[in-house]
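Inspection log for the structure reproduced underneath, given as structure tokens.
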Amino acid sequence: MTRLTATAICRDLGVRYPIFGFSHEPDVVVALAEAGGFGVLGLSREMPEEIPRVIDEVETRLAGKPYGIDLMLPANVPQAADLASVREQIPPAHRAFVEGLRARFDLRAPTRPSFFTTQVRSEALFDAQIDALLGSRARAVATAIGIRPELIERARAAGKYTISLVGTARHAHKALALGVDALVAQGCDAGGHTGTIGTFSLIPQIVAVARGKPVLAAGGIGTGAQVAASLAMGAQGAWLGTLWLAAAENHTPPSLLQRLIAAQSADTMISRAHSGKPCRVVRSAWIDAWHEAGAPEPLPMPLQQALTGADFSAMHEYDDANLIYEAAGQSVFAITESTTIAAQMATLVDQANAAFDALAQTMQDT
């Protein structure tokens, strides 16, 4: 009788189940480790000076349990920049449009500092984030939207397992040429920055390119049956992100949680309005406004963030039920209630095992 258990990558990383969980919330990463999964802490939204403290707190709570860190490292950003200087580059028409949205939706300015109100993506920022994570005890380092040869070299020299998120076979070839240890085949079903190929079309392509190196499946995965299906397609595990937004440990604002519970897959869309790059989000009035007739094209990264980052922070700070949105994948269909990481992990394992049993029965019946 087949049961969900550790695969080769799980044994390499010291984890019980082939379930990998990406989250910006330290509490989610810790809870995933405690439930037998592998938590990956996204630090792309952290201010560099805060990263060492965040890492130290997570590692203290994990007490030696393995975890990973994920960075977003897009190309074509300034070498060094501050938010004020980047804002000066924003065209007047875009400024006027966003000012109009603020008036239309009665959106106040945020009062709490955050990455989106104080930082802008630049090479200098990335260097500071990389230095911080390399000094951590994270078992794995994952990179999304870009891969840096020097990071892979330094991470491997520090004894860390390296993972690259890829959306095409071409991206996979480039990552493998740099010596990464594993790939995440991220289909366009995924929340956040993503490509154009669907998850189930992408997985076999990346498995073929990997030639035996571990591949994780990502994009639209929210059930244990999908985890089992990913394994059946040659992946060694599944990488989930959206599902954890429903967990208490994620501290999701109440209005956003209700939006996610009510949403189905069709209520997500790929938009450049969030960051300037294609990013799948759950729709809201703010996102829809950027796609109305007469709306300007979103600016490229990092200009779009400099233009609207404070608004994103504000709608979360005030829990604005009309405007609030977040990166979310088509797996949002699996969010039906507020829950916990422990309950979600138990459900995923039970569902995967039930899928294995159902498949065995189907094959027997035939």
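The values are calculated or read from the model by the stated rules, or taken from the named source; none is laboratory data. Keep in mind it's a predicted model, so treat the numbers as computed, not measured. Please note: Cβ atoms are built from the backbone with ideal geometry, for glycine as well, and neighbour counts cover all protein chains shown. Ligands, DNA and RNA are excluded from the accessible area calculation, which covers all protein heavy atoms including side chains. Shrake-Rupley method; radii C 1.70, N 1.55, O 1.52, S 1.80 Å.
General observations
- Two-site label geometry, Thr196 and Ser85: point separation in nm, points 7 Å out along Cα→Cβ: 3.5
- Cβ-based net charge around Ala138, under 9 Å, with every Lys or Arg adding one and every Asp or Glu removing one: +2
- The residues of the chain have, on average, 41 Å² of accessible surface per residue, using a 1.4 Å probe with all protein chains present.
- A simple packing score, the average count of other Cβ atoms within 10 Å per residue, orders the peptides 240-253, 344-357 as 240-253, 344-357, with the highest score first.
- With Cα atoms defining each centre, region 64-109 and region 256-277 are spaced 18 Å apart in the structure.
- Taking a ≥ b ≥ c as the square roots of the eigenvalues of the Cα gyration tensor, an a/c ratio of 1.5 or more together with a/b larger than b/c marks region 220-314 as prolate.
- Candidates per GluC sites (Glu not before Pro) in region 82-143, loop by DSSP, up to 16 other Cβ within 10 Å: Glu88
- Protein-only accessible surface order, largest first, of Ser122, Ser255 at 1.4 Å: Ser255, Ser122
- Gyration tensor (alpha-carbon) shape descriptor, region 286-366, a/c threshold 1.5: prolate
- Separation between Cα centres of region 153-201 and region 1-56, rounded to whole Å: 17
- Neighbours of Gly220, meaning other residues whose beta-carbon lies under 11 angstrom from its beta-carbon, give a summed charge of 0 when Lys and Arg score +1 and Asp and Glu score -1.
- Percent carbon-and-sulfur accessible area, region 236-366, ignoring ligands, DNA and RNA, probe 1.4 Å: 53
- Amide N proximity, region 23-56 versus Ala128 label position 7 Å along Cα-to-Cβ, cut-off under 19 Å: 42-56
- Screening the chain for whole DSSP H helices of 15 Å or more along their axis (Cα) with average Kyte-Doolittle hydropathy at least -0.5 returns 51-62, 92-105, 123-134, 199-210, 303-317, 341-365.
- Potential lengthening between Ile270 and Ala360 on full extension [0.36 nm per residue; Cα-Cα distance subtracted]: 28.7 nm
- Cβ crowding within 10 Å averaged over residues, with 18-25, 100-107 ranked highest first: 18-25, 100-107
- For the chain, adding -39500 (n - 2.57) for each run of n ≥ 4 DSSP H residues and dividing by the number of residues yields -12500 deg cm²/dmol at 222 nm.
- Label point at His251 placed 7 Å out along Cα→Cβ; residues across region 94-119 whose backbone nitrogen lies under 14 Å: 112-115
- Legend: residues Leu299, Leu231, sorted from most to least accessible area (1.4 Å probe; ligands, DNA and RNA excluded), read Leu231, Leu299.
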